[in-house]
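Working notes, beginning with the structure itself.
The values are calculated or read from the model by the stated rules, or taken from the named source; none is laboratory data. What you are looking at is a predicted structure, and each value in this text was computed from that prediction instead of being measured. Reconstructed Cβ throughout: ideal geometry from the backbone, glycine too, with neighbour counts over all protein chains shown. Just so you know, the surface numbers come from the protein's heavy atoms only, side chains and all, with ligands and any DNA or RNA stripped out. Shrake-Rupley method; radii C 1.70, N 1.55, O 1.52, S 1.80 Å.
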Amino acid sequence: MTTKYLKKKINELTQGTSSNSAKLDTEISESLHPNHFTVCKVVRHGFPFEPTAMAYDPVQNILAIGTKNGSLRIFGQPGVDCHERHDSDVAIIQIMFLINEGALVTVCADNSLNMWNLRQKRPAILHSLKFNKEIITYCHIPFQSKWFYIGTERGNIHIANIESFTLSGYVINWNKAIELSRKTLPGPVIHLSDCPTDQNKLLIGFESGTAVIWDLRTKAAENRFNGAQPIRSISWHFEGRQFMCSHTDGSLSCWDIKSPSKPISVTYPHGKVAVKGGKPVDPCAPIMKVEWKSAKLGEPYVIFSGGLCQEKGGTGTPCVTIIQGKNTTVLEMEYPVIDFVSLCETPWPSAENQDPHAILVLLNNDLVVIDLMSPGYPCFENPYPMDLHESPVTCVQYFADCPADLIPVLYSAGSNSSRKKTSYSKKNWPIKGGQWGTGGSSDQEIIITGHADGSLKFWDASQVTLQVLYKLKTAKVFERGKQHKSLDGDEEPYAVQKITMCPDSRILLVAGASGHLLLYRFSKLEASCEITSLEISIVYEVEDPDTPETELPPMPTPNSLKRNTSTLSAESTAGISNNVPPPAAPPSPNPSTGAHKPSTSSGEGMRDGVPNLKVKSGLQKYTMGYQPDLCCQLLWTEGEPPPLVTCLQINSFYGLIAFGTVNGLVIVDYIQKTCLLHMGTPNLYGSADPYQRTPRSPKKPKVPQSLGDIVEQLTDSERSRQATGAVAAAEQPNGICVSPTGNNSKKMKSVTDGKLTRSKSQTSSRRVTKTQSNPCDTGANGDRDKDSADASGVGGIFSGLLNRSESSFTQSRSSSMSSLDRESKEGVQSLYFVESYARKTDPVTGQVIPETEKNPITSPCLWVGTTLGSTLVIVLSLPPPGDQRISQPVFVSPSGTVLCMKGTILNIAFLNSNGGLISASTEAWKDMNYEQKEGEREKKKPSMPPRVPRISPSASTEMADRQFAVITSEKESKVISLPSQTCAYRAKIAESSYVVKADVISMPNKELCLACYIANGHVVIYSLPSLRLLLDYDFVPLTDLRVGRTFQFSAHGKALYQCSPTEIQRLTVCAEHSNSLHDMLGDLFIPCTTPEAPSRGFFKNLFSVSSGSLDRQELFGENSGKPSRSIAKHVPGTAGMEAVKAQSQTVGGEIARTKLELIKRGEKLSETEKRTSEMMQNAESFASAANELMKKQKNKKWYQL
């Protein structure tokens, strides 16, 4: 091995070390250490995904919901929400509360029972019981009992102790429960319950239709009830004399325990019966569950789910039916019913006045609570954020440090725009258990969710719970006629793909699935305005990048971006192609302007030059809140849909927005409502393109069919001759893109004003094809690792490319994929507006390379990161603020800076010379609809504060770099010194995997760090600017693309991601927040007294079926014998949060605590010794005084005393 190779490998293995040519003149102190970081889940919001079970504690008033993947959600009053998860992804089939005991038991599909302790803020499993030979189907815990029953698929019933979680020797075998004459199995146990008035009697329900009353003392079946239809559920009458069964044919059968031969009645509540007592004409859906509840005043309630008549092959409409006397109410549900529970005033099943006041109905996608005490049975308004998935969530944005006045104004706007629904119940929410946490966060946090129907929801996330603030519907901007599908073909055309917001100026930018982008301004007033629309097309020549295999020479300054100046006008800015020189086009239909009317379709119906959606024309009225100000739409080209938007960036100080697509970049001046730049990514390089883009294979000559085709061929041949030469800048004298302003420009008033045709050669430019493309990693000094893995085919994973096809995401990651299958499009993946140095200077001489007349100064720039690992810099020349900002044009020109790295550029950030974050300048919010005179809308000129003076290195400071650019790709991160553009620090983040999300975030102490989420599930934290590894935590692997698409880091070490289609998980990487989380979480268990058992009258006790109290301990304890060890295995659970916190104490802390205790003990011992000596002295003096007194009184007579 050569010395050069060894040095190279050592540099690769050493993270956080500076490069050979880049040494900081002044070291920046870093105060962050590994003990400042940890990864901890905070809280989960939304509706539990794929629920399977539900239970309710009527004394503690808390609700538990289990899911298919083993998650357990516990809800109390609004603000009390807890999420825990089993160790394995197994479905929870049943949940049972130990009523008012602070515990619950979950039954899982892997035949395990788990005891959860709810007396701590983070519930933990205390015991587990795993069955080996039998499958658990149903369990029952009697009220205030230390023993519970376990039914299995074979029909056997086992009994276990709650405290020790061990089996009893008492077993009820299926062959003893059924009749001896029966030769077949009775089926799985689907119900177990005690008789309300006699604990000695156990009701067993088998799926086959047989019910048995088992006498626990005599260990024999007392009565057997054989039904004609399979049973789904059973419910006792409160007197304990009758019970009701629900069946698969939609019938309800009522039985008397003294008459087992036949049922008292069999009814079909929703079936049309031709003959009395017969079967219904049309089949009915099964009644999955029934409850029979008593009422102190009036008839008892019979509540059940299902049972409606169903069509042939159908399943019936999901519903819940309430029968009280002769009144029958059917409540149809939007989703299938999973389970329901009636909320009663008392937990005692034998109470005469159970009086259900509400019904909890768990649906597949919602939780509905029905008010039984109000006429018409209205629903309660759900205070939990369970409508998060009202429309599928497609995008999430997290702002953890918002201005203090933003949340109140959003809440005010939301309360004014939302109409109060009178259909909700006026009573208080019935689930009112638990207690809020004592701690809280002082941060103003907002979560914005984008949805498939084009709506946005703003949520207040400052506390543990979410509260909806404001809802915005972007679909209202477009006409509701016959719309085309989205670009993906799967989602709705209005689906939100990207969101960004400037919290200071309250400007909102939204990108949709149809290639549209909307800019909103916030206003406190209603307004009628017309939306300005820009139609933008990105067309460029097909050339495939050929990555150079050797180190690149220094990048020359490229020629300026070209623009077709002959068609430049306010009406035509958004429809022009700026990547090719204007060809010799056919005569223009309008010689005065040279503009062509865009074609909408060819004779074959091919769409071309038209947007996917149509914006509403004319004045539109908008209420208080966010009001649309500008709409940008990408156009169809030759039957191909517009490119998907991959990233957004807005700068209210500059008045500019920029957005990248899978094949180009667009810059728009939203103050002047003009498009400054729209071109393909390869054309942004100019002559400084590091990739040799040549056609992959010769194409067959096209037979000209018309004059336009001949012009196209001539133009293509001319392009091929000029491909190797530099782009001539003489076609535009200044070599810049400008915003069309001045006397010859005219403001765009509607969608049709801004249309401009392209010549035939422009509209028929070939699209990008697929080929192999290896990005050149030259770093900042031109060094390139030849042995690095190719990561160019993975650009834009969680952008529109991900939404378009998940299979393409998988294919692009395959290492065995041929080069012909790789995507050669170079898209824009990251953008950043900043005041920085745009060109390079020599770190020794301070001269600009290539030399210029002036020293480099900071100027407004747009840094662009591409999917091939390139970082480009575009210089923005802005007119002075005020009137000149409106009247004078904005100039856009390239800087010639091209930095290359491995993998897609994910994030760009900037640090000053002290290591502080250089954030983009913003403008304070101003209401543009403020009315002054006679209700007319005043056009306010955007007043901008004076810009920060540009920094120019003087003779004394020219050797010191003034800024640091932190650029992170899928594979590595670099800290680039500016303006010398030398690599100060470098860290390889992912070798075999790739970075999904990266961001520079601030911690509570204002220190900065680089946070990355890697596809292998690790969350890594690096210091800045030295890129020292501070944390590497194995968190959540990227098994679901939704996680990677929505993972967001925010200020103060906070983050979130969408963990399921209906839930959002918040987390923190800050150890300080993790330590305070215990105080923020609410308490689930509040000690309270259990309601007294209902008193029974003399006659009821006289004629009761009860045979006395039952001593379960004597019956099921040691006297019952030893259980078989092969049936189930006891597994001890975790010790809970308190033990975990105790175990997490450091050794140093324990030693210090012990030392302090020893000092206190020594002080107490010395004090005790001192008191002992004082007591001894007092005792001696007392003894001497007593002795003297005794001597005086010894010789005295009795009469002298």
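Kindly state which strands (runs of 3 or more DSSP E) lie completely within region 243-337 and contain at least 2 residues that are among the polar types (S, T, N, Q). Write out each step before concluding.
Numbers: elements: 252-256, 265-267, 287-293, 301-306, 319-324, 327-332.
Those strands (runs of 3 or more DSSP E) span 265-267, 319-324, 327-332.
Output the number of the condition that PHE1035 fails; it satisfies all remaining conditions of (1) modelled with pLDDT under 95; (2) within 17 Å of the chain's Cα centre (by Cα); (3) open to solvent by less than 20 Å² (accessible area, probe 1.4 Å).
For PHE1035, the exception is condition (3).
Does region 276-286 include one or more residues that are open to solvent by 20 Å² or more (accessible area, probe 1.4 Å) and modelled with pLDDT of 90 or more?
yes
Give me the residue from region 1042-1062 that is farther than 11 Å from HIS45 by Cα and among the aliphatic types (A, V, I, L, M) and, out of that set, surrounded by the most Cβ atoms within 10 Å (Cβ to Cβ). Steps first, please.
Taking region 1042-1062 and keeping what is farther than 11 Å from HIS45 by Cα, we get 1042-1055, 1061.
In the following step, the residues that additionally are among the aliphatic types (A, V, I, L, M) were identified as 1043, 1051, 1055.
Values: VAL1043: 23, ALA1051: 17, ALA1055: 25.
Looking at the filtered set, the residue picked out is ALA1055.
What single numbered condition from (1) farther than 26 Å from ARG85 by Cα; (2) surrounded by fewer than 21 Cβ atoms within 10 Å (Cβ to Cβ) fails to hold for LYS133?
The single condition LYS133 does not satisfy is (1).
With (1) in a loop (DSSP other than H, G, I, E, B); (2) over 30 Å from TYR1057 (Cα atoms); (3) open to solvent by 20 Å² or more (accessible area, probe 1.4 Å) as the list, and ASP387 as the residue in question, which single condition is left unmet?
Checking ASP387 against (1) in a loop (DSSP other than H, G, I, E, B); (2) over 30 Å from TYR1057 (Cα atoms); (3) open to solvent by 20 Å² or more (accessible area, probe 1.4 Å), the one that fails is (2).
Going by the structure shown, is THR1172 among the β-branched types (Val, Ile, Thr) and modelled with pLDDT under 85?
Values: among the β-branched types (Val, Ile, Thr): yes; modelled with pLDDT under 85: no.
So THR1172 does not fit the description; no.
Please name all residue pairs, on different chains or six or more residues apart, with Cβ atoms under 7 Å, provided the first residue is in region 1021-1040 and is farther than 10 Å from PRO34 by Cα and in contact (Cβ under 8 Å) with a residue 12 or more places away in the chain and the second residue is open to solvent by 50 Å² or more (accessible area, probe 1.4 Å) and in a loop (DSSP other than H, G, I, E, B).
Filtered contacts from region 1021-1040: LEU1027/GLN15; PRO1037/ASN1016.
Considering only region 153-177, state which residues are part of a strand (DSSP E or B), open to solvent by 20 Å² or more (accessible area, probe 1.4 Å) and touching a strand residue (DSSP E or B) at 6+ places or on another chain (Cβ under 7 Å). Outline the logic, then answer.
Of all residues in region 153-177, those part of a strand (DSSP E or B) come to 157-161, 167-172.
Checking which are open to solvent by 20 Å² or more (accessible area, probe 1.4 Å) leaves us with 167, 169, 171.
Result: LEU167, VAL171.
Looking only at region 369-416, which residues are of a type in the set (S, T, N, Q) and over 30 Å from CYS647 (Cβ atoms)? Outline the logic, then answer.
Taking region 369-416 and keeping what is of a type in the set (S, T, N, Q), we get 374, 382, 391, 394, 397, 412, 415-416.
Matches in region 369-416: SER374, ASN382, SER412, SER415, ASN416.
Listed here are the residues, each with its yes/no results for (1) over 30 Å from PRO123 (Cβ atoms); (2) at pLDDT 70 or above; (3) in contact with a strand residue (DSSP E or B) (Cβ under 7 Å, 6 or more places away or on another chain).
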| residue | (1), (2), (3) |
| --- | --- |
| ASN1101 | yes, no, no |
| LEU1115 | yes, yes, yes |
| ALA1128 | no, yes, yes |
| GLN1193 | yes, yes, no |
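Please give the number of the condition VAL107 fails out of (1) open to solvent by 10 Å² or more (accessible area, probe 1.4 Å); (2) closer than 30 Å to GLU179 by Cα; (3) within 39 Å of the chain's Cα centre (by Cα).
(1)
So in region 178-231, with the set limited to residues that are of a type in the set (Ser, Thr, Tyr) and free of Cβ contacts under 8 Å to residues at least 40 places away in the same chain, which one is surrounded by the fewest Cβ atoms within 10 Å (Cβ to Cβ)? Don't jump to the end; show me each part of the working.
Taking region 178-231 first, the residues of a type in the set (Ser, Thr, Tyr) are 181, 184, 193, 197, 208, 210, 218.
So of that shortlist, the ones also free of Cβ contacts under 8 Å to residues at least 40 places away in the same chain come out as 181, 184, 208, 210, 218.
Details: SER181: 5, THR184: 7, SER208: 19, THR210: 21, THR218: 9.
So the residue we want is SER181.
State the number of residues belonging to region 635-672 that are under 15 Å from LEU519 (Cβ atoms), more than 27 Å from the chain's Cα centre (by Cα) and either among the polar types (S, T, N, Q) or open to solvent by less than 10 Å² (accessible area, probe 1.4 Å) (or both).
To start, the set of residues in region 635-672 that are under 15 Å from LEU519 (Cβ atoms) comprises 645, 648-652, 654-659, 666-672.
Right, trim to more than 27 Å from the chain's Cα centre (by Cα) and you get 652, 654-656, 666-672.
From what's left, either among the polar types (S, T, N, Q) or open to solvent by less than 10 Å² (accessible area, probe 1.4 Å) (or both): 652, 654-656, 666-670, 672.
Matching residues across region 635-672 total 10.
Tell me, which strands (runs of 3 or more DSSP E) lie completely within region 43-103 with 1 or more residues that are open to solvent by 10 Å² or more (accessible area, probe 1.4 Å) and under 25 Å from ASP387 (Cα atoms)? Break it down stepwise before answering.
Details: elements: 51-57, 62-67, 71-75, 81-85, 92-98.
Fully inside region 43-103 and qualifying: 51-57, 81-85, 92-98.
Scan region 194-210 and tell me whether some residue there is hydrophobic (A, V, I, L, M, F, W, C), assigned to a loop (DSSP other than H, G, I, E, B) and out of contact with any helix residue (DSSP H, G or I) (no Cβ under 6 Å at 6 or more places or on another chain). Give the derivation first.
Here is the first cut: in region 194-210, the ones hydrophobic (A, V, I, L, M, F, W, C) are 195, 202-204, 206.
With assigned to a loop (DSSP other than H, G, I, E, B) added as a condition, the list becomes none.
For region 194-210, residues hydrophobic (A, V, I, L, M, F, W, C), assigned to a loop (DSSP other than H, G, I, E, B) and out of contact with any helix residue (DSSP H, G or I) (no Cβ under 6 Å at 6 or more places or on another chain): absent.
Mind listing just one residue for me: the one in region 232-242 that is assigned to a strand (DSSP E or B) and open to solvent by 20 Å² or more (accessible area, probe 1.4 Å) and, of those, nearest to PRO349 (Cα to Cα)? Steps first, please.
Step one: of region 232-242, the residues assigned to a strand (DSSP E or B) are 232-236, 242.
From the residues that got through so far, the ones that are open to solvent by 20 Å² or more (accessible area, probe 1.4 Å) too are 232, 236, 242.
Working: ARG232: 20, TRP236: 8, GLN242: 13 Å.
Looking at residues that are assigned to a strand (DSSP E or B) and open to solvent by 20 Å² or more (accessible area, probe 1.4 Å), I get TRP236.
Quick one: in region 308-350, of everything that is more than 30 Å from PHE143 (Cα to Cα) and in contact with a Gly (Cβ under 7 Å, 6 or more places away or on another chain), which residue is surrounded by the most Cβ atoms within 10 Å (Cβ to Cβ)?
Going through the qualifying residues, I end up with LEU308.
How many residues does region 446-470 hold that are assigned to a loop (DSSP other than H, G, I, E, B) and in contact with a His (Cβ under 9 Å, 6 or more places away or on another chain)? Explain how you work it out, then say what you get.
Keep residues of region 446-470 that are assigned to a loop (DSSP other than H, G, I, E, B), which gives 452-454, 461-466.
Those left that are additionally in contact with a His (Cβ under 9 Å, 6 or more places away or on another chain): 461, 465-466.
Final tally of qualifying residues: 3.
Give all pairs with beta carbons closer than 9 Å in which a residue from region 619-641 that is under 26 Å from PRO408 (Cα atoms) and among the hydroxyl-bearing types (Ser, Thr, Tyr) meets a residue that is outside any loop (DSSP other than H, G, I, E, B) and open to solvent by 30 Å² or more (accessible area, probe 1.4 Å); count only pairs at least 6 apart in sequence or on separate chains.
TYR622/LYS476; TYR622/SER528; THR623/ASN416; THR623/SER417; TYR626/ARG521
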